[in-house]
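First comes the structure, then the notes that go with it.
Each value in this text was obtained by applying a stated rule to the coordinates, not by laboratory testing. Keep in mind that this is a model prediction, so the values were computed, not measured. We place every Cβ from the backbone using ideal geometry, glycine too, and count neighbours over all the protein chains shown.
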Amino acid sequence: MRPDEADAAVAVRALLYAPLVSRALCSVAELGIPDILSHGPRTAAELARDTGAHESALHQVLTALTAFEVFDVLPDGHFALALLGTALTSGAPGSALPSALMAQALSARAWQGIPDTVRTGTPAFDKEFGADFFTVLDRRPELRGLFDATQARDVELESAAVLRAHDFSSAATLIDVGGGDGALLGHLLAAHPDLRGVLVDRPAAAAAARARFSAAGLADRAEARPGDFFTAVPDGGDVYLLREILHDWDDEQCVTLLAACRRAMPAHARLVVIELAADDRPGTDADARTTALMTLYMLSVLPGRERTPREFGALLGAAGLRLDSVSRLTGQKALLVATPEPAAPSFRTSRERSTDHV
């Protein structure tokens with residue numbers, strides 16, 4: 001065996017065993033260990049006592065995670081937070097804690113079903129939980145809260161970049177389509193005191209958004225409406241915003257949603273789309289691998305996928321919108337701006353088209 005063949009065999013095994021790291025991270029997050037260590041180093045015995053964990057097993061997990069820069073072992077045997085462990089504390093900017101809890105409670109069960117998804121094309125989540133992702137969130141408020149928390153923490157990571165990439169100051173009204181609990185809209189309204197916002201999403205999300213706006217003192221400028229954005233979107237806005245919505249859906253569903261936005265948009269309005277926008281040629285750097293992981297995540301959980309700017313342009317064009325610009329935010333995350341074509345196409349779904357021959 002050549003040295004490069006041996007190296008490849010070792011490297012692929014590391015990939016195969018990578019889920020063990022995820023499970024270990026989820027276990028310490030669920031026990032609250034990063035938050036405990038944020039107050040100072042502790043021994044495995046002390047952590048086990050305070051969390052109800054098994055001391056020997058916990059010691060092995062903590063020691064293993066030092067290799068991944070989550071924890072440090074001090075000379076006296078105490079464990080302390082390393083850089084990545086700090087990002088798992090509840091108070092860290094852009095904290096990954098909600099993502100870890102979400103994976104533990106929900107997502108990771110779907111990841112196990114990817115082999116079946118590859119064979120059938122059906123998201124493993126639906127088979128595992130007996131319903132689609134958003135229906136499960138509607139049925140279980142505690143999971144809805146976790147999902148909203150993951151989105152809010154992600155918004156913390158990118159809101160400044162969004163404000164740098166696009167000037168919202170000329171808009172009077174912003175329509176946030178599928179805006180969840182209103183985390184991003186709240187940031188935008190705080191940065192632009194003259195801006196008014198209207199958010200439309202499922203009833204549970206709209207209720208959470210109203211609570212967020214009220215708590216932030218934005219209720220006089222922010223409205224949250226329950227609704228089906230595939231059917232109708234509030235009209236009369238100057239800016240329409242879609243943040244990480246299109247990657248949830250297949251191409252036809254995306255065009256249906258974009259066409260609903262196009263029908264609501266005045267001629268002067270613009271559509272701002274925030275999504276991962278992968279390079280046309282897949283790479284192997286850290287950004288490309290993050291995009292690849294999200295591609296696999298979406299494959300297991302929802303019918304959508306990550307797309308390239310070219311693919312977004314095709315979807316927008318099919319809905320009567322023109323892609324005008326693409327600005328990079330962080331990594332392969334991008335902000336795309338589109339404007340209405342002079343006349344919207346008469347878009348019909350395949351279900352509607354199938355009635356032509358009935």
On Cα atoms only, tilt of 251-264 relative to the major axis of the chain in degrees: 50 degrees
FRET efficiency estimate (nearest 0.05) - Cβ-Cβ, D220 to A292, R0 56 angstrom: 0.80
Amide N of region 252-271 lying under 12 Å from the label point, which is placed 7 angstrom from the Cα of D132 along Cα→Cβ: 252-254, 257
Size of charge dipole - region 1-67 - debye, nearest 20, with Cβ of Lys, Arg +1 and Asp, Glu -1, no other charges: 60 debye
Environment charge of A161, counting only residues whose C-beta is closer than 13 Å and scoring Lys/Arg +1, Asp/Glu -1: +1
Sites H78 and A57, calculated FRET efficiency, Cβ-Cβ separation with R0 22 Å, nearest 0.05: 0.75
Positive-end residue, the chain charge dipole about Cα centroid, Cβ charges, pick of T256, P75, F129: T256
Ranking of S95, S56, S159 by count of other Cβ atoms within 10 Å, fewest first: S56, S159, S95
Cut-off 20 Å, label 7 Å out along Cα→Cβ of A314, residues of region 268-293 by amide N: 273-283, 292
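Assuming R0 = 22 Å, can you tell me the calculated FRET efficiency for the pair R322 and A267, based on Cβ-Cβ distance, to the nearest 0.05? Mind showing how you got there, number by number?
Details: r = 12 Å, r/R0 = 0.56.
That gives a FRET efficiency of 0.95.
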Rounded tilt (10° steps) of 55-66 against the dominant C-alpha axis of the chain: 60 degrees
Charge dipole (debye, nearest 20) of the chain; +1 at Cβ of Lys and Arg, -1 at Cβ of Asp and Glu: 520 debye
Net charge of neighbours whose Cβ lies under 15 Å from the Cβ of T43, counting Lys and Arg as +1 and Asp and Glu as -1: -3
For the chain, calculated [θ]222 nm from helices alone, where every DSSP H run of n ≥ 4 adds -39500 (n - 2.57): -14500 deg cm²/dmol
Region 3-92, Cα convex hull volume normalised per residue, Å³: 111 Å³
Normalised convex hull volume, region 128-284, alpha-carbon set, Å³ per residue: 142 Å³
Footprinting exposure proxy for F312, F230 (fewest neighbouring C-beta atoms within 10 Å first): F230, F312
For region 151-242, with +1 on Lys and Arg beta carbons and -1 on Asp and Glu, the positive-most of G217, A161, L174 along the dipole: G217
Spin-label pair A11/E69, simplified geometry with 7 Å Cα→Cβ offset, distance in nm: 1.9 nm
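Taking N as the number of residues in the chain, what is its alpha-carbon radius of gyration divided by 2.2 N^0.38 Å?
1.09
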Protection proxy ranking of 97-104, 173-180, 232-239, 118-125 - average other beta-carbon atoms within 10 Å, highest first: 173-180, 97-104, 232-239, 118-125
Semi-axis lengths (Å, descending) of the ellipsoid that matches the C-alpha gyration tensor of region 189-236: 20, 14, 6
Cα centre as origin, Lys/Arg/Asp/Glu Cβ charges: region 49-150 dipole, Debye: 300 debye
Residues Y240, Y297, Y17, sorted so that the one with the fewest Cβ neighbours within 10 Å comes first: Y17, Y297, Y240
Dipole of the chain, positive direction: furthest Cα of F147, P340, L302, with charges on the beta-carbon: P340
Convex hull of Cα atoms in region 191-350, direction-averaged projection (nm²): 10.4 nm²
